[in-house]
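The values are calculated or read from the model by the stated rules, or taken from the named source; none is laboratory data. On a predicted model such as this, the values are computed, not experimentally measured, just so you know. We place every Cβ from the backbone using ideal geometry, glycine too, and count neighbours over all the protein chains shown.
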Amino acid sequence: MALKQIDHGSKEYQQMVALRREVLRKPLGLSFTADELAKEKDDILIAAFDDDEMLACCLLTKMDNKCLRLRQMAVQDNLQGKGIGASMMNFAELVARDKGYRKLIMHARKTAVGFYEKLGYKSVGDEFIEVTIPHYVMEKKL
């Protein structure tokens, strides 16, 4: 498995959008707008590949000079629970640290809180609804 940064608008980015749509949006009856995707052009885009097949992906969005927000973490449904997500998170944290960031935050789906807790993330604040489902703000100092 190869972990790498990809470019907005590339063929790999199109794969990323398709994977996120399939895993994160379609089950909720949602899609992406052109505006949502255009806002990602300055994000750090990370993906895991097996040859040319994208296995997982996530985005890092700058909040300020010390903090990034992890967004849109997606692993192919048939590959969840095999350590790919944890590898993605470790790589995302390395990339963030290498770029001088000191903290990662996220809006984690309630169903994924346990996964992130195992990686050292802590919930801050109360449950809230985003994209029609319960979420928690989580963070980790890098």
Task: Index of the failed condition, GLU53 passing every other in (1) surrounded by fewer than 13 Cβ atoms within 10 Å (Cβ to Cβ); (2) in contact (Cβ under 8 Å) with a residue 40 or more places away in the chain; (3) of a type outside the set (Phe, Trp, Tyr) - done: (2)
Open item on the list: Return the pair list, or none, for Cβ contacts closer than 6 Å from residues in the range 1-30 that are on the phi > 0 side of the Ramachandran plot to residues that are part of a helix (DSSP H, G or I), at least 6 apart or on different chains.
Closed with: none
Task: Selected residue (criterion: nearest to PRO134 (Cα to Cα)) from residues of the range 97-121 that are crowded, with 20+ Cβ neighbours inside 10 Å and out of contact with any Ser or Thr (no Cβ under 9 Å at 6 or more places or on another chain) - done: MET106
Open item on the list: Taking the condition of being closer than 17 Å to ARG109 by Cα and at pLDDT 95 or above, how many residues in the range 33-84 meet it?
Closed with: 13
Open item on the list: Which count do you get for residues in the range 19-50 that are in a helix (DSSP H, G or I) and either loosely packed, with under 13 Cβ neighbours inside 10 Å or of a type in the set (S, T, N, Q) (or both)?
Closed with: 10
